[in-house]
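Input: a single structure, listed below in structure tokens.
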Amino acid sequence: MRTKQFKSESKKLMDMMINSIYTHKEIFLRELISNASDALDKLYFRSLTDNSVGIAPNDFEIRLEIDKDARTLKVIDNGCGMTEEELDKNLGTIAKSGSFDFKQENEKKDNVDIIGQFGVGFYSAFMVSDKVTVESKAFGSEEAFRWSSKGTEGYVVEPCDKENVGTTITLQIKENTEDENYDEYLDQYRISALIKKYSDYIRHPIRMEFTTKEPVETDDKDKAPEYRDVTELRTLNSMIPIWKKAKNEIKPEDYNNFYKDKFYDYEDPVRVIHTKTEGQATYSALLFIPKHPPFDYYTKEFEKGLQLYSKGVLIMDKCADLLPDYFSFVKGLVDSEDLSLNISRETLQHDGQLKLIAKTVEKKIKSELEKMLKDEREAYEEFFKAFGIQLKFGIYNDYGMHKDTLKDLLLFRSSNEKKYVTLKEYTERMKEGQDTIYYACGETDEKIEMLPQTDAVKDKGYEILYLTENVDEFALKMLGEYDGKKFMNICDDNLNLDSEEEKKALEEENTAAKDMFDKMKESIGDSINAVRFTNKLKKHPVCLTSEGGISLEMEKVLNSMPGAEQNKVQAKLVLEINADHPIAEKLKTLYNEDKEMLGKYAKLLYGEACLIGGKSVPDPAEHSALVCELMTK
Ligand code: ADP
């Protein structure tokens, strides 16, 4: 029989398992049980519509067998089984989509981490075994095959005899070493405790023959008591899914373990929502808000959705219709009595009951987040750092349909202590007479603080929201207003901080200098819409503002989107010049004495304004030549 090699990644993982010093080796049992349970589910589904399966619903089971003398532990299921190809494919390569990619990225990290972070599945058996044998007969097949491996050297697949459909996994348990006691995996009490700990909720019975000693009754009172072995078949798991148990029977770590096991996370969730709803829709839901996004969250591979059960039986692994996109980070499940078992994906979409459930699930998530925001601000802020961007997209998407649901869940850092603030908090502490919510955009808080306009707005005592993410301004534009207060970018040319008199004086000055501004605009060219004096700058000589709806930030974001090449948007920019800065006088003098120089100054000032506003200078070579010309003058 030819020995096949593992695919290289599998080999690495295998190697890691064999030499593992991982302290929770016991999880191998959970992994094998979980695979067996999946296999049972598959055949069970089939049995609903296919009489040829020939197994009654209650006869699907997992058996454990211990043979202390032979040092073997067997995990036996009468599930769907595997064909020769499947044995080769499933056990010769790492099937699990994400785990290995992630591992490679983090290769430098300790091996131990990886095991903890992901259910590494079948391979974990090698943490406790010298040899693993998998005998399997697939449903619908006449032949059975045996896969066996002693580790990294490779594996063998060969025909074998097996009467029933299903899979038997035999672990040749390692000998004890100085630091490790492997005998415990041959101990019926220990195995039974592990099942309780990790696999209690598995909905198929996990059974094992239990041998206990029973005193032999005798009439002879003087004889030492004698015992005989009594063997009985016990079901080790309660089979009650955790979400069906009474809440007061569930410990926080039960929820956490369940979450980590089912949803492949290495950290506890920040929130657990466990509800039972009766009435129009009758269902239980067990939802988790993760602490951090899964590694593929912001990729297109990510699939949102909740597991959907009908009376405790899984009918769909990722039911997307149960979660709106803006809450796509939520993991968990819904179990409803109202859904039929063999409902298809297509009919589900139109199922009124499901829609009703989705609606209440959404409400539950929202109110949980609100509660967290109110009672556990720090935790909420951490949550927001991880998933806030998703909420902001939620405001922006679907033409703003969900903005009212989400607006009070938003946080922004602001010029007040640079801490997070909600829109409600912002408006509540607005200065008297302030009717606008100010915000500024930039790559970082620091860059925003360097914007020339920032000082002027802060000086008036107005708080500024700091927008550092691409989606931010689009979300605010979509909101339009909050509590009757409009949003305004401090780089908008309409930023109106002046008193009536100041406004009037400025207007006069601008009218008087109109011809000068026209000349300046002419030499700068089309990139600018107008040039004018402003009062809104304190120490800076110039700034760029934009007229109309599109800000400089939005221009950047929109033009960086795929397909934007053909259809570039352009913010309507205004070059504003600080009327109180000496440069204003200088320009007036040049206008009267040296128009050519005025043109050069105009270009230079525009370049400066671009730099300060985070926009690239249109012609850096020309800009630098002009600077040098001035320097050497
Ligand atoms: P995962 O279960 O996460 O996919 P595993 O390495 O644990 O990864 O298992 C690989 C694959 O082998 C499973 O997806 C399944 O198709 C198959 N498999 C494992 N155990 C069994 C079993 N007892 N019965 C049928 N198929 C199994």
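Just so you know, all these numbers are worked out from the coordinates, no wet-lab data involved. None of these values were measured; they are calculated from a predicted model. As a convention, Cβ positions derive from the backbone with ideal geometry for all residues, glycine included, and neighbour counts pool all protein chains shown.
Provide, for q = 0.21 Å⁻¹, the log10 of I(q)/I(0) from a solvent-free Debye sum over equal Cα point scatterers in the stretch 490-588. For the stretch 490-588, the Cα-only Debye profile gives -1.10. Extension gain for the segment D445 to K68, taken as residue separation times 0.36 nm less the Cα-Cα distance, is 129.2 nm to one decimal.
Report, to two decimal places, the Cα Rg of the stretch 9-97 normalised by 2.2 N^0.38 Å (N = number of residues).
Rg over 2.2 N^0.38 Å, computed on Cα atoms: 1.30.
Principal semi-axes of the equivalent ellipsoid, √(5λ) from the alpha carbon gyration tensor of the stretch 247-312, are 23, 17, 10 Å from largest down.
For the stretch 106-261, the Cα gyration tensor yields ellipsoid semi-axes of 33, 26, 20 Å (square root of five times each eigenvalue, largest first, whole Å).
Comparing Cα centroids, the stretch 548-582 and the stretch 273-328 end up 41 angstrom apart. Across the stretch 229-282, Cα-Cα pairs farther apart than 17 Å form 53% of the total. Number of Lys-Lys pairs in the stretch 171-262 under 27 Å by Cα, sequence gap 8 or more or different chains? Pairs that pass both the separation and distance tests number 26. For the stretch 241-300, trypsin sites (Lys or Arg not before Pro) meeting the loop criterion (DSSP other than H, G, I, E, B) and having at most 14 other Cβ atoms within 10 Å: K300. Label positions at L630 and V230, each projected 7 Å from the Cα along the C-beta direction, are separated by 10.0 nm. In terms of other Cβ atoms within 10 Å, E432, E463, E565, E337 run from fewest to most in the order E432, E565, E337, E463. When you restrict to C-alpha pairs under 8 Å that are six or more residues apart and normalise by the size of the chain, the relative contact order lands at 8 percent. Averaging Cα coordinates gives a centre for the stretch 595-633 and one for the stretch 497-541; these two points are 18 Å apart. In the stretch 173-227, the ratio of gyration radius to Kirkwood radius, Rg to Rh, stands at 1.20 when only Cα atoms are counted. Helices assigned as whole DSSP H runs in the chain whose Cα atoms extend at least 24 Å along their own long axis and whose mean Kyte-Doolittle hydropathy is 0.0 or higher are found at 27-49, 595-613.
The alpha carbon gyration tensor of the stretch 225-348 gives principal lengths a ≥ b ≥ c with a/c of 1.5 or higher and a/b greater than b/c, which makes the shape prolate.
With Cα atoms defining each centre, the stretch 178-208 and the stretch 356-387 are spaced 37 Å apart in the structure. Counting only Cβ charges, +1 for Lys and Arg and -1 for Asp and Glu, the dipole size of the stretch 422-545 around its Cα centre is about 120 debye. Between L322, P294, C160, the Cα set farthest toward the positive side of the dipole of the chain (charges on each charged residue's Cβ, about the Cα centre) is that of L322.
Applied to the stretch 419-424, the Karplus parametrisation 6.51 cos²θ - 1.76 cosθ + 1.60 on θ = phi - 60° returns per-residue 3J(HN,Hα) values of 8, 6, 9, 8, 5, 5 Hz, with x for Gly and Pro. K419: which aspartates and glutamates have alpha carbons under 12 Å from its alpha carbon, excluding same-chain residues fewer than 8 sequence positions away? Partners within reach: E378, E381, D445, E463.
The calculated 222 nm mean residue ellipticity attributable to helices in the chain amounts to -11500 deg cm²/dmol, summing -39500 (n - 2.57) over DSSP H runs of n ≥ 4 and dividing by all residues. Going from the fewest other Cβ atoms within 10 Å to the most, the residues C160, C610, C491, C628 appear in the order C628, C160, C610, C491.
With θ taken as phi - 60° and the Karplus curve 6.51 cos²θ - 1.76 cosθ + 1.60 applied, the whole-hertz 3J(HN,Hα) list for the stretch 52-68 is 5, 4, x, 10, 5, x, 7, 8, 6, 7, 10, 10, 10, 9, 10, 10, 4 Hz, x standing for glycine and proline. Footprinting exposure proxy ranking of E278, E443, fewest other C-beta atoms within 10 angstrom first, gives E278, E443. The rule of thumb for compact globular proteins, 2.2 N^0.38 Å, goes into the C-alpha radius of gyration of the chain 1.35 times. The fraction of all Cα pairs in the stretch 430-560 landing in successive 10 Å bins from 0 to the largest distance is 11, 39, 35, 14, 0, given as whole percents. Computed over the alpha-carbon pairs of the stretch 538-609, the distance histogram in 10 Å steps reads 18, 36, 27, 15, 3 percent, short to long.
Cross-linked pairs K363/K403; K366/K485; K371/K477: Cα-Cα separations exceed 18 Å for K366/K485; K371/K477. Its Cα centre serving as origin, the stretch 507-633 has a Cβ charge dipole (Lys and Arg +1, Asp and Glu -1) of approximately 260 debye.
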